[in-house]
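S.K.: Supplied in structure tokens, the structure appears directly below.
We did not get these values from a lab; they are worked out from the coordinates using the rules stated. All figures in this text were calculated on a predicted structure; none of them were measured in a lab. Cβ: placed from backbone, ideal geometry, glycine included. Neighbour counts: every protein chain shown.
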Amino acid sequence: MTYRVRGRTFDDFVIDEEIISGARTVTEADVVNFACLSGDFHPEHMNKEYARKGPLGERIAHGLLIISMATGLLNQTGAFEGTTIAILEVTVRFIKAVKFGDTIRAIQKVVQKKETSKHDRGVLTSLITVLNQDNQIVLEADLVALLYRRGFVPMGG
């Protein structure tokens with residue numbers, strides 16, 4: 001069976017357009033798995049007693065886990081599947097801690113499009129906003145990605 005690209009190309013996106021993800025709850029298993037993958041076992045994430053005595057009063061998810069989950073949720077929309085060549089830059093602002101049991105969702109707003117010297121690709125800049133179940137912003141990120149242009153997406157098998 002041949003892979004069918006679902007994503008949109010650079011040419012298909014419009015300035016100020018928003019892509020809205022589904023939501024998911026951040027679990028203790030998510031945090032433990034991320035700690036194992038990243039090697040970040042900071043006690044604010046892993047030690048209930050240590051975190052209980054800290055400023056937040058309980059364990060929190062890694063900020064880098066949350067941006068990873070947000071980009072994954074946005075990828076699940078299909079908007080970028082098979083049409084993104086690479087993420088070139090991400091600048092993240094961690095605004096509010098995400099606790100175990102919080103439910104997050106992401107909104108990606110297209111803020112700039114730039115053609116490149118190569119006719120088969122373009123650079124898309126967007127603002128990612130991650131919200132919790134109370135519609136509070138927990139994270140913002142500027143993301144710059146390189147995307148295929150219309151007519152140049154590989155159609156591999």
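S.K.: How do 73, 127 rank when sorted from fewest to most other Cβ atoms within 10 Å of their own Cβ?
M.R.: Ascending Cβ contact count within 10 Å gives the list 127, 73.
S.K.: Applying the Karplus parametrisation 6.51 cos²θ - 1.76 cosθ + 1.60 with θ = phi - 60° to the phi angles of region 20-34, what ³J(HN,Hα) value in whole Hz is obtained for each residue in order, glycine and proline being reported as x?
M.R.: So the J values, rounded to whole Hz, are 10, 7, x, 10, 8, 8, 7, 10, 4, 4, 4, 5, 4, 4, 5.
S.K.: Which loop trypsin sites (Lys or Arg not before Pro) in region 32-108, with loop taken from DSSP, have no more than 10 other Cβ atoms within 10 angstrom of their Cβ?
M.R.: Taking region 32-108 and a limit of 10 other Cβ atoms within 10 Å, the loop trypsin sites (Lys or Arg not before Pro) found are 53.
S.K.: Lysines near residue 109 by alpha-carbon distance under 23 Å, same-chain residues fewer than 8 away left out - which ones?
M.R.: 96
S.K.: Residue by residue through region 125-130, which ³J(HN,Hα) values in whole Hz follow from phi under the Karplus form 6.51 cos²θ - 1.76 cosθ + 1.60 (θ = phi - 60°), with glycine and proline marked x?
M.R.: 10, 9, 9, 9, 10, 10
S.K.: Follow-up. Using θ = phi - 60° and the Karplus curve 6.51 cos²θ - 1.76 cosθ + 1.60, what whole-Hz ³J(HN,Hα) does each residue of region 48-62 get, with Gly and Pro shown as x?
M.R.: For region 48-62, the Karplus curve yields 4, 5, 4, 5, 4, 8, x, x, 9, x, 6, 5, 10, 7, 5 Hz.
S.K.: Could you tell me the calculated FRET efficiency between residue 152 and residue 47, based on Cβ-Cβ distance and R0 = 35 angstrom, to the nearest 0.05?
M.R.: FRET efficiency, residue 152 to residue 47: 0.10.
S.K.: Here's another thing I want to ask about it. Take residue 16 and residue 86, extend 7 Å from each Cα along the Cα→Cβ direction, and tell me the distance between the two endpoints in nm.
M.R.: Roughly 3.3 nm, to one decimal.
S.K.: Can I ask one more? Taking amide H positions as placed in the peptide plane 1.01 Å from N, state which residues far from residue 80 in sequence (5 or more) or on other chains have amide H under 5 Å from it.
M.R.: 8
S.K.: Another question about this same structure. Okay, helix-only estimate at 222 nm for the chain: each DSSP H run of n ≥ 4 adds -39500 (n - 2.57), divide by all residues, round to 500 deg cm²/dmol; what do you get?
M.R.: -5500 deg cm²/dmol
S.K.: Right, next: For residue 99, list the lysines whose Cα falls under 18 Å from its own Cα; do not include residues on the same chain fewer than 8 positions away.
M.R.: Partners found: 48, 53.
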